[in-house]
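First the structure, in the form of structure tokens, and then the observations on it.
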Amino acid sequence: MKTTTDAGGDVRLSGISKTYGSFTAVHPLDLTVPQGSFFALLGASGCGKTTTLRMIAGLEEPTSGTVHLGDQDVTALPPYKRPVNTVFQSYALFPHLDIFENVAFGLRRRGIKSVKKQVGDMLDLVQLGEQARKKPHQLSGGQQQRVAVARALINHPRVLLLDEPLGALDLKLRRQMQLELKRIQTEVGITFVHVTHDQEEAMTMADTVAVMNAGRVEQLGSPADLYENPRSTFVANFLGTSNLIEAEVDSRSGEDVVLRAGGGKLVLPEARCAAPTTTGGRVLVGIRPEKISLTHADDAGGIPEGRNRITGTIAATSFIGVSTQYVVDSAVCPEFEVYVQNVDRDTRLAPGAEVVLHWSPAHTFGFDAEQAID
Ligand code: ATP
């Protein structure tokens, strides 16, 4: 069901910034949100994501730059004249009105008399058709948040802005609502811009994620791209766990960079290295824990050629459901984290065991050690 016919255009921010006195909350930012996409602004508290969202909504006046919605320059328009609507963490439903009337509110305010079909469709969209005559306090947190979404969508905004809308929900409900919001966005087909500090939430829902840090976008991309190809240690660490090994460029071999690390040798495709690759250059080599295989030293002869390999000793293991986490001490990296799927588990892999860690160079990424931020 497409409940919105006017899907509108992109959100385009050009050189938009915000300063408060001498403090810059958002540095000049250029950002395009593709039409009909689910876009997440992701970052830690205070990085400027809410300020950016509020500038799109018109709730915050930019210090510089412009905001376009489709072809329209809305920079000077007040919030109520912009074709956007916002859902906040606090649902702000009218407690004395039932669910139907909460959702109908925007239509009635515009003088629309026959609201039954539109409100009914919207309640069906958020799967609350049966709850229409209940009051907000009779619904769960997740249901109330869905009412807030329905109320925000009823006037067919071009863009829906969501500011930490799931922040007040417990983890289980939060996960359900993530899938629910994604389904709703796919059905209505309008642009959603979602602010969150939760990387898993952004990765689950968004087509495109902008990772923000200290008022700047560090990296923009699909969840898979950001996870597989982080271009800074900040993004690598924010979107999951990565082992970072200090290494030094030794030589080049075809498309690869050969590095020395703790007496061993590592290979990194040059295309995956966001650092100068001149001999002697310092590089932080990153590898995700689940991309590493762990082999008992007695079986090391069976490891295929062409893989990066490091020897070490298991320091600790912990069972975490679908996988087991190993912490391995080695001369190359003091506390290597490795996750191995339980199907592959080898009972000899216990604390004290000598092991070889190995992985494909294609899964390795490299950062400039001089510019690394944690
Ligand atoms: P959170 O997740 O905690 O809301 P955020 O990434 O959304 O964080 P913003 O709310 O955009 O961050 O704030 C960015 C920075 O700007 C913060 O350091 C904040 O203290 C500051 N800031 C926001 N509003 C104002 C204001 N009105 N006056 C002064 N500083 C402000």
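The values are calculated or read from the model by the stated rules, or taken from the named source; none is laboratory data. What you see is a predicted model; the values in this text were computed from it and never measured. Neighbour counts are summed over all protein chains in view; Cβ atoms, including those assigned to glycine, are modelled from backbone coordinates with ideal geometry.
Among the numbered conditions (1) out of contact with any strand residue (DSSP E or B) (no Cβ under 8 Å at 6 or more places or on another chain); (2) surrounded by 15 or more Cβ atoms within 10 Å (Cβ to Cβ), tell me where Arg109 comes up short.
(2)
I'd like to check something: does segment 8-21 contain any residue that is closer than 18 Å to Ala206 by Cβ and either touching a Lys or Arg at 6+ places or on another chain (Cβ under 9 Å) or within 16 Å of the ligand (Cβ to nearest atom) (or both)?
Looking for residues that are closer than 18 Å to Ala206 by Cβ and either touching a Lys or Arg at 6+ places or on another chain (Cβ under 9 Å) or within 16 Å of the ligand (Cβ to nearest atom) (or both), one finds at least one in segment 8-21, hence yes.
Looking at segment 34-64, which of its residues are crowded, with 16+ Cβ neighbours inside 10 Å, of a type in the set (Gly, Ala, Ser) and within 13 Å of the ligand (Cβ to nearest atom)?
Ala40, Gly43, Gly48, Ala57
Please state which one of Leu259, Leu294, Leu244 is buried (at least 16 other Cβ atoms within 10 Å of the Cβ), assigned to a strand (DSSP E or B) and touching a Ser or Thr at 6+ places or on another chain (Cβ under 7 Å).
Leu244
Tell me which residues, restricted to segment 214-239, are outside any helix (DSSP H, G or I) and either in contact with a Phe, Trp or Tyr (Cβ under 7 Å, 6 or more places away or on another chain) or among the polar types (S, T, N, Q) (or both).
Of everything in segment 214-239, those that are outside any helix (DSSP H, G or I) and either in contact with a Phe, Trp or Tyr (Cβ under 7 Å, 6 or more places away or on another chain) or among the polar types (S, T, N, Q) (or both) turn out to be Glu218, Gln219, Ser222, Asn229, Pro230, Ser232, Leu239.
To keep it simple, each residue is scored yes or no on (1) within 16 Å of the ligand (Cβ to nearest atom); (2) free of Cβ contacts under 8 Å to residues at least 24 places away in the same chain.
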{"residue": "Arg216", "(1), (2)": "yes, no"}
{"residue": "Arg231", "(1), (2)": "no, no"}
{"residue": "Phe238", "(1), (2)": "yes, no"}
{"residue": "Pro269", "(1), (2)": "no, no"}
{"residue": "Arg272", "(1), (2)": "no, no"}
{"residue": "His296", "(1), (2)": "no, no"}
{"residue": "Ala300", "(1), (2)": "no, no"}
{"residue": "Asn308", "(1), (2)": "no, no"}
{"residue": "Ile320", "(1), (2)": "no, yes"}
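Determine whether Arg183 is farther than 30 Å from Ile154 by Cα, surrounded by fewer than 20 Cβ atoms within 10 Å (Cβ to Cβ) and at pLDDT 90 or above.
No.
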